[in-house]
Structures are given as structure tokens and as C-alpha cells.
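The values are calculated or read from the model by the stated rules, or taken from the named source; none is laboratory data. What you see is a predicted model, and the numbers here were worked out from it, not measured in a lab. No Cβ is skipped: glycine too gets one built from the backbone with ideal geometry, and neighbour counts run over all protein chains shown. Protein only, heavy atoms only, side chains kept; ligands, DNA and RNA dropped before computing areas. Shrake-Rupley method; radii C 1.70, N 1.55, O 1.52, S 1.80 Å.
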Amino acid sequence: MREYLLTLCVTAAVTYLLTGPVRKFAIVAGAMPEIRARDVHREPTPRLGGIAMFFGLCAGLLVADHLANLNQVFEKSNEPRALLSGAALIWLIGVLDDKFEIDALIKLGAQMIAAGVMVMQGLTILWLPIPGVGTVALTQWQGTLLTVALVVITINAVNFVDGLDGLAAGMVCIASAAFFMYAYRIWYSYGIEAAAPATLFAAVLMGMCVGFLPHNMHPARIFMGDSGSMLIGLVLAAGAISVTGQVDPDVMKLFSGSERNAVHQMVPVYIPLLMPLTIIAIPAADLILAIVRRTWRGQSPFAADRGHLHHRLLEIGHSHSRAVLIMYFWSALIAFGALAYSVNSASMWIVLGVVGLSAVGLVLLLLPRFTPRAPRWAEAFVPPRYRRRRAAPAPGAAEGAGSAEDAASAEAGDDEPRTPVPVGVSGGSGVPGVNGATALGARSRVPRG
């Protein structure tokens, strides 16, 4: 565990330290596209954050290769090298897309090629444990097609959800934390060495996201771009592929005792079929809804719009930060709920806890305008955002309009009124029209009364 934590910390440190220089490079290189209709930020913000994340990935794997215990992962398996090869290819395509806006079909083909490169080097699904049937061996073509499909779906699901500051990195970090705990339990508790690469991939992925998040939280100073979102999507898929089909029930000795006990104990074998789906459940749902919505309108499935889940949260009145936290909540509930069920599937408390937390999440969704206010006597001890606002006299119509706008912004949960910075105004970065931070754009609000 100490070596995994060291790998995570090194990856996070390298990613964090490189993100600042990468931001300056992106500004100089002009990797700041014009604000599009579907964007929620108001100011041109540099992309190419995936460059720092990729070098963090390389640093994490390099450190792990020189550690006493993790070095065995590189000696006994070719999967880390396969991951690095596929990641380099998908990262290069992402960098070109962040700068030159590559066509969607070209990116889709590059994703398939990256998955094929990993398959050629041994990172593929060999067999599947199917409930009621047992372990089913796959042919080479079946394993290749299933691997490519899982990689492409995961990459695009993560790419689709990357629409708010800190959203994609935070959701993937939560998912990789749950997956790390699951893979580490399979590797450590049952002594299955085949789960070690997946554990390493999850630790490195957590480090990449943790190191990038401080620069990407609202208001973001840099975006990860497609070079980052496709990269973390591929690493997430690689971990799921590595552990799926690698669990041997005979080694785990799960068939002792009664038939009922054997069924409960076989849950860790079947979880690899579900865990890749649970960790991307929210992004996958967003992906499916987007495809259905666009094809129903007669548009291309790759056409961009403002109908994603995070856009809908903003439209019903949630602030930027609150929408991100709600998405975090649901991702953690699904991922860690599946993890808890894999540990003890017979516990009714786990089911009741998931149901109770789901009810809490629904309440949060239905209260977009709820802002907690401290009582009068406690206002001196809390931040200004939680104090009751006192109405100020409005001598003029213009001032009254401004006060109403500020009150509406505060009522919707925004911390302070936001003023857009027009393109062409220097923001201290030395480049006209750039100040390195984003803010929430105009959005529709729920009418009152």
C-alpha cells in the first residue's frame, strides 16, 4: 500500500507542478478557442491541460517501475507498456484537437486504433465470468471487439461529461478511488497477481486527477481539453479491462460451504462485469441521452449542444459549484455503493443506505434555490454568503435593476455577482482578452410565482 500511495503522490505532484507552465505554453500557442454557444464560461481559457496529466502518468509509471514490489508488475505483465502506448497515441490526437479542432470521425478512428494498440500488446479481455454459466473463454476476435468497444465508450463518456470546471477530473477521481479499493482487495486479500496492474492504473489515475483539480476547480485557470479527457477515459477503461476476466474462482476458493454461501461469495467474481459500468454510470447515461436526443432531432450523434446533464442542472437554477457537487455525489453513491455490495452482498444495511442517500440526492435536485442562512445572532461568525442580505434603498432605476439582478444571483446560490470580461481586455496574463479564469455565463432561471 505504501508503494501505491507513493506512486499516487508522485503522479499528483508532477501533474500539479507542470500544469502552470503548460498553461503559459497553451496561451503562447494560442490553444484558446473562441467561446462556443454550448460553453458556460465567459472568458477564453487555455486548454492543453492533458499535457501535464500525460507527463504525470509517465512519472507515476516510471517511479512504480523502480519500486521493489511494484516492479514485479512490469516484469510479469506487459499491460503497463500497453497502457503507455495507447495513452501516448490518444494524447497526441487530443493535443492536435485542442489546437486545430479535428473532425469527430477522425478522433473516433484514433480511439479505435489506440484500443487496438493495447490489444496487440496483451491488454485485452480474455474471458468473462457470467452468472449461472461460469467462466466463458472468448475468441481473439470477440475479445478484441469487446475491448475496443469498452475503450471507445468510456473515452467518449468521460469526454461528454467534461463541461464544467472540475467536473470530469473529480468524477473520474471518485470512480478511480472506488476501483482502486476493489482491485486492491482482489489483489491483496485473495493473492491474485493479475489484479496488480489494475490497482496500479487506478492509483496513477487518481494522482493525475488530484494534481490537476486545484487548477481546474471553479473558476478554472486551465481546461484539460480533449488531450486530458480522452486520456483519463482510456486509463479508466484500461483498468477495467485489466481486471475483467482475470479473477480465477478456483484460486479464490469460493465454492466451499453451502450453495447459498457460494452464491454470495461469488459476488466479487461478477463485480468486474458491473464495476466498469458503475464507475462511468453518470457519464454513460449522459452519452446515451445525448445520442438519442440528437438522432431524434435528425442531427449527428457528434453534434454539440447544451442538453447534457450538467447543463440541465444549471438551467433549473443550480449554481456552477452546486451542479458539480451534485454530480460528484451521484458518482460516489453509485461507485462506492457497488463497492460496498461486492464486500458484503448479504447486508441489508448497504441497500438501505444506498436508498437513503438516493433520496437525499433527489431532494438536493429539487431544491436548486435553497441557500442556508445563519440566524441574526450568528452572522458575525459565518462567511458573508450565509448572512441575510439587507435591502438597500434604490435611488435610481438603474441601481434598482442592478440590485434585483444581484439578489437573483444570490438567490440562485451564486457567491457574488459576476461581470463578464470582454475579449480584448487585458487580464494580467500579458495576452489581450485573457485572464485565465472562467465564470458562469447567462442561464435561464426558474420564474417565481
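Numbers at a glance
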read-out: One residue from Thr147, Thr124, Thr139, Thr154 being of a type in the set (Ser, Thr, Tyr) and either out of contact with any helix residue (DSSP H, G or I) (no Cβ under 9 Å at 6 or more places or on another chain) or open to solvent by 40 Å² or more (accessible area, probe 1.4 Å) (or both); value: Thr139
read-out: Segments classed as helices (runs of 4 or more DSSP H), wholly inside segment 1-118, with at least 3 members that are open to solvent by less than 20 Å² (accessible area, probe 1.4 Å) and either touching a strand residue (DSSP E or B) at 6+ places or on another chain (Cβ under 9 Å) or β-branched (Val, Ile, Thr) (or both); value: 2-29
read-out: Qualifying positions in segment 317-345 - open to solvent by 70 Å² or more (accessible area, probe 1.4 Å) and at pLDDT below 80; value: Tyr341, Val343, Asn344
read-out: Scan of segment 219-235 for residues that are open to solvent by less than 10 Å² (accessible area, probe 1.4 Å), at pLDDT 90 or above and not hydroxyl-bearing (Ser, Thr, Tyr), ordered by number; value: Ile222, Met224, Gly228, Met230, Leu231, Ile232, Gly233, Leu234, Val235
read-out: Segment 186-218 - residue that is in a helix (DSSP H, G or I) and modelled with pLDDT under 85 and, of those, nearest to Thr45 (Cα to Cα); value: Ala195
read-out: Criterion: farther than 28 Å from Ser342 by Cα and touching a residue at least 24 places away in the same chain (Cβ under 8 Å) - qualifying residue of Gly170, Gly116; value: Gly116
